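Laboratory data are not the source of any read-out in this text; all were calculated from the coordinates shown. Computed from a predicted model, the values in this text were never measured in an experiment. Glycine gets a Cβ as well: all are built from the backbone with ideal geometry, and neighbour counts include every protein chain shown.
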Amino acid sequence: MRRIHHLIDGREVPSRSGDYFASENPATGEQIAEVAAGDAADIEAAVEAAARAFHGPWSKMTPAERGRRLYRVAELIETRAAELAAAETLDSGKPLAANRHIDVPFCVDFWRFYAGAADKLRSPVVANEPGVHRYAVREPLGVIGAIAPWNFPLVMASLKLAPALAAGNTVVIKMAEQTPLTTSLLGQLCMEAGLPEGVVNVVHGFGETAGAALVRHPKVAKICFTGSTEVGRLIGQECARQVKPFLLELGGKAANIIFADADLDQAVNGALQAGLANNGQFCLAASRVLVEESVVDRVTELLVNRARSIRLGDPNDPTTHCGPLISRAHLERVSSYVASGCAEGAELLTGGAPPRDLPERLRGGFYFAPTVFGRVHSKMRIAREEIFGPVIGISSFRTEEEAIALANGVEYGLSAYFWTKDADRVYRVARALDAGLVFVNMPQYMVPQMPAGLRKSSGWGQNFGLEALENYTKLKGVYVNYSGKIFPWLT
């Protein structure tokens, strides 16, 4: 049985306790590895290594040199793309084609963007008068504690590591226990790229042990967490108690508004991608489809028919659209939401259960059929809470104002989508939607250079773009008097 260890201070090491936990292939339910189960002792070792590296070779390296090392990470990811994609599929159940042609190339672009940004940090410019020079400096924070989720493991690890390293910090990262493989490989690539020992440390384990210890550690300068709003609130409370800054990217409950004047064929395809890609296991998922009343019957028919054409199966098969959910526990969570929707009066139009036609070798996997509800109203749980599964609900509206009110009427503010051919409406509705990301006439598509804000219960801070570097720096204002005089306080 393969064993996966921590990466601490440039070396692969087992847990201090000697404990391991099982990692499963969600497509089959079979165990694929034993993973070192980290706890406070392993976090202590990793943070101390990161602190030494921060005050040692990493802080003495010029920004341009740091950037060259990060460029090398990008090159290695590109060179090892097939290996990384295969590991991601085995670990998470995501289709191999998506990993190979979307996720891995995105990570390459992301590392290259922040490699190029390493020497482009800018500080505020202030006005000066004769005799005094005032200037501001952006400095790295120190040791960053990063906690990443299982839905896009390689992407999420890259989103944490690349900007933090570009700004001059060192990192201890804990990936979700369900998906340890690619983060371990990424840590090794960072070492191969020439990052000094201790700059990147990977500790595996569970949230209540390794994750909690990382949040509490006094030498961790900032926590950067992506995950559920419930856990994010707990992390925020603990960081507030320590007066420790944090970056939280939490849940979402995006609306996808389809106006009657939209290209309905394109809007339906986009709604399916925005709602059901990756089995709806992503925070930008648009699980609420709001359709103008005059076309709701037509859109519903198209959505249901096309949802039934989504192919579930072996994630290594290039014809597969969606693989399994991440775990049996998560499958049960999604099933409970479907039961709730039915109990509250929503109309189950398709899906709603695990498929029955899978081949024998996949029947131990955690598959769930793409699910569409009709007649959903805003007070239902499936319309208010993040399901994180392949479930979308259709509601209707009569006016633009009603659509905006419905879209904004949840606690989340991560993303929103809408479809229209009206150019005036594009700008009017985009401004009115209370979301950090708005996609118009397109499903989700993100590039490293475009900033993304976090709002409401969806989090705190900003991702992507040069703006993300500010998450990983602290400002210092310096006043220099060169006039030879000071204010005469005592005479």
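Taking a ≥ b ≥ c as the square roots of the eigenvalues of the Cα gyration tensor, an a/c ratio of 1.5 or more together with a/b no larger than b/c marks the stretch 160-218 as oblate. When the pairs LYS379/LYS456; LYS120/LYS476; LYS174/LYS474; LYS421/LYS456; LYS253/LYS476 are compared against a 27 Å limit on Cα-Cα distance, LYS421/LYS456; LYS253/LYS476 fall above it.
Backbone amide hydrogens, once placed in the peptide plane, bring ASP422 within less than 5 Å of nothing, excluding anything fewer than 5 places away on its chain. Roughly what angle does helix 104-117 make with the longest principal axis of the chain, taking Cα atoms, 0 to 90 degrees, to the nearest 10? Orientation of helix 104-117: about 30 degrees from the principal axis. In sequence order, the stretch 470-487 has phi-based couplings of 5, 4, 10, 9, 10, 9, 10, x, 10, 10, 10, 9, 10, 7, x, 10, 9, 5 Hz under the Karplus curve 6.51 cos²θ - 1.76 cosθ + 1.60, θ = phi - 60°, and Gly or Pro positions carry x.
Within the stretch 218-288, report the GluC sites (Glu not before Pro) that DSSP leaves as loop and that have at most 15 other Cβ atoms within 10 Å.
Numbers: sites: GLU230, GLU238, GLU249; in loops: none.
Nothing satisfies the criteria.
In this structure, the amide hydrogen of CYS224, modeled 1.01 Å from its nitrogen in the peptide plane, lies closer than 5 angstrom to those of GLY145, ALA146, ILE147, LEU247, counting only residues at least 5 positions away or on a different chain.
Principal axis analysis of the Cα atoms in the stretch 74-225 yields extents of 64, 34, 25 Å, listed in decreasing size. Overall dimensions of the stretch 140-272, expressed as equivalent-ellipsoid semi-axes from the Cα gyration tensor (√(5λ), whole Å, largest first), are 31, 19, 14.
The share of Cα pairs per 10 Å bin across the stretch 7-136, counted from zero up to the longest distance, runs 10, 22, 31, 24, 8, 4, 2, 0 percent. Taking the centroid of alpha carbons for each part, the stretch 244-301 and the stretch 442-473 are 20 Å apart. Amide H to amide H, with H built 1.01 Å from N, ILE257 comes under 5 Å of LEU290, TYR417, PHE418, TRP419, counting only residues 5 or more places away or on other chains. 3J(HN,Hα) along the stretch 17-32, derived from phi through the Karplus expression 6.51 cos²θ - 1.76 cosθ + 1.60 where θ = phi - 60°, amounts to 6, x, 7, 9, 10, 7, 10, 10, 7, x, 6, 10, x, 7, 6, 10 Hz, with x in place of Gly and Pro. Its alpha carbons considered, the stretch 376-491 gives a radius of gyration followed by a Dmax of 22.5, 78 Å.
Using Cα-Cα distances under 8 Å and only pairs 6 or more residues apart, what relative contact order does the stretch 1-110 have, in percent?
Values: 114 pairs, mean separation 24.6, N = 110.
Averaging sequence separation for qualifying contacts and normalising by length gives 22 percent for the stretch 1-110.
Summarising the strand pairing of the stretch 313-458, around 35 percent of its internal DSSP beta bridges are antiparallel. Using just the C-alpha positions of the stretch 284-336 as equal point scatterers, what log10 of I(q)/I(0) does the Debye formula give at each q in 0.14, 0.17, 0.20 1/Å? Reported log10 I(q)/I(0), two decimals: -0.58, -0.79, -0.95.
Once the Cα gyration tensor of the stretch 85-139 is diagonalised, what are the square roots of 5 times its eigenvalues, in whole Å and ordered largest first, as equivalent ellipsoid semi-axes?
Working: eigenvalues 427, 17, 10 Å².
For the stretch 85-139, the ellipsoid semi-axes come out as 46, 9, 7 Å.
Report, in cubic angstrom per residue, the convex hull volume of the C-alpha atoms of the chain. The partial results should precede the final answer.
On the way: hull volume 84.1 nm³, N = 491.
Convex hull volume per residue, Cα atoms: 171 Å³.
With a cut-off of at most 16 other beta carbons within 10 Å, and DSSP calling the residue loop, which trypsin sites (Lys or Arg not before Pro) in the stretch 190-274 qualify? Please list them. Hits after loop and neighbour filter: LYS219. Only Cα pairs under 8 Å and at least 6 apart count here; give the relative contact order of the stretch 393-491 as a rounded whole percent. Answer for the stretch 393-491 is 22 percent. P(r) tail for the stretch 209-330: Cα pairs beyond 16 Å make up 70% of the total. Each Cα pair under 8 Å and six or more residues apart adds its sequence gap; the mean of these over the residue count of the chain is a relative contact order of 19 percent.
When both bridge partners sit in the chain, DSSP labels roughly 40% of those beta bridges antiparallel. The HN-Hα couplings worked out from phi for the stretch 129-139 by the Karplus form 6.51 cos²θ - 1.76 cosθ + 1.60 (θ = phi - 60°) are 10, x, x, 9, 10, 10, 8, 10, 10, 9, 10 Hz, whole numbers, x standing for Gly and Pro. Across all Cα atoms of the stretch 251-391, the radius of gyration (one decimal) and Dmax (whole number) stand at 14.6, 46 Å.
Longest span of the chain, sites excluded, free of chymotrypsin sites (Phe, Trp or Tyr not before Pro) in DSSP loop with at most 14 other C-beta atoms within 10 Å?
Numbers: sites that count: TYR445, TYR482, TRP489.
Within the chain, the longest run free of exposed chymotrypsin sites (Phe, Trp or Tyr not before Pro) spans 1-444.
Stokes-Einstein, applied to the Kirkwood radius of the stretch 317-439 over Cα pairs at a viscosity of 1.567 mPa s and 4 °C, places its translational diffusion at 79 µm² s⁻¹. Multiplying the residue separation of MET442 and LYS379 by 0.36 nm and subtracting their alpha-carbon distance yields 19.9 nm.
What do you get for Rg/Rh of the stretch 215-265 when both radii come from the Cα atoms and Rh is the Kirkwood radius? Could the numbers behind the result be given before it?
Details: Rg = 17.8 Å, Rh = 13.2 Å.
Result: Rg/Rh = 1.35.
Its Cα gyration tensor gives the stretch 1-71 an equivalent ellipsoid; the semi-axes, largest first and in whole Å, are 32, 17, 8.
Model label points for ARG16 and ARG428, set 7 angstrom from Cα along the Cα-to-Cβ axis, are 6.2 nm apart.
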